[in-house]
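Student: Take a look at this one; I'll ask things after.
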Amino acid sequence: MTKYRTRLLFALITLLITVLVGLGIVLGQLFKSHYLNNFNERLQNEIDIVSYMIEKDGGLTVLDQSQLNEIGEFLKTRITIVDSDGTIQFDSDDNVDNNNALHQHILEKALSERDSGASEGKYSHGTTLQYYWEVIEKNGQVEGYIFLASKVNEMKNAYHQLWWVLSLSLGLALVVIILLGSKITNRYTKPIESATKVAIELAKGNYRARTYEDHIDETGMLSTSINILARNLQDLMKSQEVQQDRLSALIENMGSGLILIDKRGYINLINKTYKEIFQVNQNEYLYNLYHEVIEHKEINSVIEEIFMTEQKKRKQVVLPIGIERKHFEIYGVPIISSDKDWKGVLLVFHDITELKKLEIMRKDFVANVSHELKTPITSIKGFSETLLDGAMNDKQTLESFLEIILKESDRLQLLIQDLLELSRIEQHGFSLKLQEIELTTQISEALTILKARAVEKSIQLHFQTDSPNVRIMGDADRLKQVFLNLVANAITYTPSGGSVYLEVIDKPNEAIVTVRDTGIGIEQNEISRIFERFYRVDKARSRNSGGTGLGLAIVKHIMEAHKGMIEVESKVGEGTAFILKFRKDL
């Protein structure tokens, strides 16, 4: 594309050339006209002088030809005198063309005008000869005619000289004007071109572009205004980008799934949480009709209801996601602009699965606690009533019943202690008494405490370690409680004659403790629930053993407090292994 400066300079030069050429033509014509007038006036004066001399000397009869030759040579003209009949009386042809036939023709043509009554006149033969004639009178009568013929070479030379001077002058003026015009156009178009480039860059979205500010005039004001506009647009765009980034970060990282549907039913936006919850591909969802890509009828019904009623909608649904069933609270709102223009529908999916699980867990916990407390209380009450009814008079029965009441009281006390312990561990203010401890020492002490129970069931306890001194940072009492619970469970669920193995492996960054038994094992579908409160793999055996069903829940919370991990491996009929991984630096 031709630059604006070039086009402006070309237009200016064209205009100036046109004006100068026109001016030159006008000046040339004026000079030519002026020169011809002067030339004709000179010929008229000259012919008047010659005519006067002839008339003074006595007319055509007494012509002094030598004098006329001198006058013609002096005036550089051809003097021709003819009588009233048209006969040539005198002709001086020293300095003019000798073509007499042409001369005679011109004379005849000029004399033909005498019938018009003119006493003088002029006649041009092309651009080479100029004739001027006048009547010679004597005593008031026409005696003849005098002709002066002069070449116009001088006029042509002068005319050529004039055009040369005009051409040179106009050429120099044109050069000066081009130089000045180029400088002027450069001065005034450079800011415009710069402003145009910046405007184009701004239109492309490059808000960092700036133009050059120089003169304090209209172009300078234009450049300044463009720069102010660019800065404002840049600030506005930065602000918009910040807001957009914040909004995008908020939408993408919010804990709830979000989906935006336009007024035609096409999906325009889904966030990362929605994709993770429903395990969908964004490319398959975006810009497709919602009922073609959303498989769940419950969601489609909510969307349809909002489209039809244009009212907010809140609904709790249970949706199958993969192999799980999740609970969602769907909150949908219609998007309506300030001018009542329908924009679409926004749906937010709150995953309340954990809340539902906690609600169920709370109900189960209350039921389990009530059930666990009911059994010993019922036993104590029943035996107490029996004793009061007269059984206490039988010493043997009294002792037996009192032993049962004591046993149930111990069981009730143990349950309450475990509940209080679990409640204390789950409190936010719970803290460990961290110190450097030796794991093998804590395990040995736990085995010493449980050795009698193992001997009672003929169960062998085996303990081995690859390092006699394995140290970690932890709470000694809490870790001993972990080992006691795990070893006690292993003894409880291992038949008589079985074995319980404990192994400690020392690694650079962690210590691994494995508690493995040869007991009844756990079903794979039950492993994920064994850390729930009051959950028992073998309910009858654990209750008969005096267990509360809270031991593994306490173990899990203590391990989490130590930032450790607990893993379970089990096969039914072969045994179970609990693998504890402790970090050495908390």
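Student: So which residues in segment 338-353 are closer than 16 Å to residue 306 by Cβ and either touching a Phe, Trp or Tyr at 6+ places or on another chain (Cβ under 8 Å) or open to solvent by less than 30 Å² (accessible area, probe 1.4 Å) (or both), if there are any at all?
Tutor: If the condition is that a residue be closer than 16 Å to residue 306 by Cβ and either touching a Phe, Trp or Tyr at 6+ places or on another chain (Cβ under 8 Å) or open to solvent by less than 30 Å² (accessible area, probe 1.4 Å) (or both), then 344, 345, 347, 348, 349 are the ones that fit.
Student: Quick test for you: out of 162, 168, 174, pick the one residue that is modelled with pLDDT of 75 or more, surrounded by 15 or more Cβ atoms within 10 Å (Cβ to Cβ) and farther than 28 Å from residue 92 by Cβ. Step through it out loud before you land on a result.
Tutor: On the way: 162 fails: modelled with pLDDT of 75 or more; 168 fails: surrounded by 15 or more Cβ atoms within 10 Å (Cβ to Cβ).
Checking each option against the conditions leaves just 174.
Student: Additional query: For residues in segment 490-524 being in a loop (DSSP other than H, G, I, E, B) and under 59 Å from the mean Cα position of the chain (by Cα), which is surrounded by the most Cβ atoms within 10 Å (Cβ to Cβ)?
Tutor: Initially, segment 490-524 is screened for residues in a loop (DSSP other than H, G, I, E, B), giving 493-498, 507-509, 518-523.
Still in the list and also under 59 Å from the mean Cα position of the chain (by Cα): 507-509, 522-523.
On the way: 507: 13, 508: 5, 509: 7, 522: 20, 523: 11.
Here the answer is 522.
Student: State whether the residues of segment 26-42 include one that is modelled with pLDDT of 75 or more, under 30 Å from residue 185 (Cβ atoms) and more than 60 Å from the chain's Cα centre (by Cα).
Tutor: yes
Student: Report whether or not residue 486 is hydrophobic (A, V, I, L, M, F, W, C), closer than 17 Å to residue 564 by Cα and either in a helix (DSSP H, G or I) or in contact (Cβ under 8 Å) with a residue 40 or more places away in the chain (or both).
Tutor: yes
Student: Let me ask you something else. Can you find even one residue in segment 282-290 that is more than 18 Å from residue 347 (Cβ to Cβ), of a type outside the set (Gly, Ala, Ser) and at pLDDT below 90?
Tutor: yes
Student: For segment 257-274, give me each residue that is open to solvent by 10 Å² or more (accessible area, probe 1.4 Å) and either more than 22 Å from the chain's Cα centre (by Cα) or touching a residue at least 24 places away in the same chain (Cβ under 8 Å) (or both). I'd like the intermediate steps shown before the answer.
Tutor: So in segment 257-274, the residues open to solvent by 10 Å² or more (accessible area, probe 1.4 Å) come out as 258, 260, 262-264, 266, 268-269, 272-273.
Within segment 257-274, 258, 260, 262, 263, 264, 266, 268, 273 meet the criteria.
Student: Another question about this same structure. For segment 196-227, which residues satisfy the criterion of being crowded, with 17+ Cβ neighbours inside 10 Å, modelled with pLDDT of 75 or more and assigned to a helix (DSSP H, G or I)?
Tutor: Selection gives 198, 202, 223, 226, 227.
Student: Restricting attention to segment 11-49, which residues are farther than 28 Å from residue 135 by Cα and polar (S, T, N, Q)? Reasoning before the result, please.
Tutor: From segment 11-49, those farther than 28 Å from residue 135 by Cα are 11-32; that's our starting set.
Across segment 11-49, the qualifying residues are 14, 18, 29.
Student: Please enumerate the residues belonging to segment 552-577 that are open to solvent by 20 Å² or more (accessible area, probe 1.4 Å) and in contact (Cβ under 8 Å) with a residue 60 or more places away in the chain.
Tutor: 552, 557, 561
Student: Another question about this same structure. Can you pull out every residue in segment 32-56 that is small (Gly, Ala, Ser) and closer than 17 Å to residue 150 by Cα?
Tutor: 51
Student: Next up: One residue is enough: does segment 280-295 have a residue meeting the conditions touching a residue at least 40 places away in the same chain (Cβ under 8 Å) and surrounded by 14 or more Cβ atoms within 10 Å (Cβ to Cβ)?
Tutor: No, that holds for no residue.
Student: Determine if segment 478-489 includes at least one residue that is open to solvent by 60 Å² or more (accessible area, probe 1.4 Å) and either hydroxyl-bearing (Ser, Thr, Tyr) or farther than 29 Å from residue 572 by Cβ (or both).
Tutor: no
Student: Working only within segment 434-470, note down all residues that are assigned to a helix (DSSP H, G or I) and over 27 Å from residue 495 (Cβ atoms).
Tutor: Step one: list which residues in segment 434-470 are assigned to a helix (DSSP H, G or I), which gives 439-456.
Scanning segment 434-470 gives 439, 440, 441, 442.
The values are calculated or read from the model by the stated rules, or taken from the named source; none is laboratory data. What you are looking at is a predicted structure, and each value in this text was computed from that prediction instead of being measured. Don't worry about glycine lacking a Cβ; one is built from the backbone with ideal geometry, like all the others, and counts go over all protein chains shown. For accessibility, only protein heavy atoms count, side chains too; no ligands or nucleic acids. Shrake-Rupley method; radii C 1.70, N 1.55, O 1.52, S 1.80 Å.
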